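Chemist: The structure is given below, and queries will be raised subsequently.
Just so it is clear, none of the values below were taken in a lab; they were calculated from the coordinates. In this text the structure is predicted, and so the values were computed from the model without any measurement. Ideal geometry is used to build each Cβ from the backbone, glycine not excepted, and the neighbour counts take in all protein chains shown.
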Amino acid sequence: MAQGNAPGNYGLDGLEAGLDALEASVTGRTPFRQTFVNKIIPPIIAIAVVLVGWQITFHVVDDPTKMASPGDVWNVVHQAWLQGELLGYIWTSVSRGLLGFLFALVIGTPLGLLVARVKFVRAAIGPILSGLQSLPSVAWVPPAVLWLGLNNSMMYAVILLGAVPSIANGLVSGVDQVSPLFLRAGRTMGATGLKGTWFITLPAALPGYVAGLKQGWAFSWRSLMAAEIIASFPDLGVGLGQLLENGRNASDMAMVFEAILLILFVGIAIDLLIFSPLERWVLRSRGLLVKS
C-alpha cells in the first residue's frame, strides 16, 4: 500500500518543490550588474544626451539673455549652495507642498469614500469633482489671493483645490473596481459598515487610490508653483516658484534654469522616495511585481 501511494506522494512533492523554486526565482535579490545595466546606465545616458543637446542649443542661440549654458547654471547652483540659500529655496516649497498634500489627503479620502458609496452624493457632486480635476490649478490663484490675502493660507487653499479632486476621484475609481465577491465575503464574515470599509473596501481599492494619490501630489506641486510665481510677496519667503519669477524679472536665464531644474529634481525625488516604493508595495502584496 505504501508503495502504491509513493508515485502520488512523489508527484505532490515535486510540485511543491517546483513552486518553491519558482517563488525563490521571483523574489530573489537582483544581481548588482543587472541593476546597474537596467536601472542606472539608462538615466545616465539620457542625462548625457540632454546635456549635449543643451550645450549645442546654447551655441546655436548664442544669446545669454535667451539661453544659459549648463556650466552657467551649475555655477549659479553652486553659488546658492555656498551661500546657504539652495536648501532654503527647496525647503520653503517642499514643506508647503507636503503639508498642503497631507491636508488634501485628510479631506479627499473621506470625500472619495462618500462619493463612491452614497449614490445621492455621487450624483450631486461626482461631476463637479471631475470638472474641478480638469480645471487648471493656476485659475484658483487670483480668487485665493482676494479671499485670503498674500499668505501661506492662500498657498494651502490653492493646493487643496488642485489636489482634493484627484485624490477623491482616484479612490472612487478604486472602489468601483472592487469585486462584489469581496464585499459579499466581507459581509458574510461580519465586516460591515466602517469595519467593512477599513478591512475590505480600502485594501481592495488600493491600486486606484495610490494612482489618485500620485496624481494628487502632481496637482499639489503644480498648484504650489503657480501660486508662488503669481502671488510673490517678501513675507512668504523665496520658494522655487518665487526663484523662477525672480530670474524672469532679472532676465537671468541661469537663475531661470536653476529654478526649473530644482522644481524637476524635487518632483522626481518625491516620486522615487514615496510613490514608487508605495506602488511596488501594492503590486508585491498582490503578486503582480514581476522582475525581468
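Chemist: Given R₀ = 51 Å, FRET efficiency for Leu51-Val106 by Cβ-Cβ distance, to 0.05?
Modeler: Numbers: r = 41 Å, r/R0 = 0.81.
Plugging the Cβ-Cβ distance into 1/(1 + (r/R0)^6) gives 0.80.
Chemist: From the phi of every residue in the stretch 60-76, what ³J(HN,Hα) in whole Hz does the Karplus formula 6.51 cos²θ - 1.76 cosθ + 1.60 yield, where θ is phi - 60° and glycine or proline is x?
Modeler: Computed from phi, the couplings for the stretch 60-76 are 5, 5, 6, 8, x, 7, 10, 8, 10, 7, x, x, 5, 5, 4, 4, 5 Hz.
Chemist: Also: Beta carbons within 10 angstrom, averaged per residue: use that to sort the peptides 81-87, 148-154, 255-261, highest first. Please report the intermediate quantities before stating the final value.
Modeler: On the way: 81-87: 11.3, 148-154: 15.3, 255-261: 21.1.
Top to bottom by mean Cβ count within 10 Å: 255-261, 148-154, 81-87.
Chemist: Hey, got a sec? Which trypsin sites (Lys or Arg not before Pro) in the stretch 222-292 land in a DSSP loop and have at most 13 other Cβ atoms within 10 Å? Present the calculation step by step, with values, prior to reporting the outcome.
Modeler: Values: sites: Arg222, Arg248, Arg280, Arg284, Arg286, Lys291; in loops: Arg286, Lys291.
In loop regions of the stretch 222-292 (DSSP not H, G, I, E or B), the sparsely surrounded trypsin sites (Lys or Arg not before Pro) are Arg286, Lys291.
Chemist: Sticking with this one: Mind giving me the nanometre distance, one decimal, between the label points for His78 and Leu283, set 7 Å out from Cα along Cα→Cβ?
Modeler: 3.9
Chemist: For the stretch 150-159, take each phi angle, set θ = phi - 60°, evaluate the Karplus expression 6.51 cos²θ - 1.76 cosθ + 1.60, and give the result in whole Hz per residue in order, putting x for glycine and proline.
Modeler: Per-residue couplings from phi come out as 8, 8, 5, 4, 4, 4, 5, 4, 5, 4 Hz.
Chemist: Each residue of the stretch 248-254 in order: what ³J(HN,Hα) in whole Hz does its phi give by Karplus 6.51 cos²θ - 1.76 cosθ + 1.60, θ = phi - 60°, with x for Gly and Pro?
Modeler: Karplus-based 3J(HN,Hα) across the stretch 248-254 equals 5, 5, 8, 6, 9, 5, 5 Hz.
Chemist: A follow-up question, please. Provide, as a two-decimal number, the C-alpha radius of gyration of the stretch 68-285 over 2.2 N^0.38 Å, N being how many residues it has.
Modeler: Working: Rg = 20.3 Å, N = 218, 2.2 N^0.38 = 17.0 Å.
For the stretch 68-285, the normalised Cα radius of gyration is 1.19.
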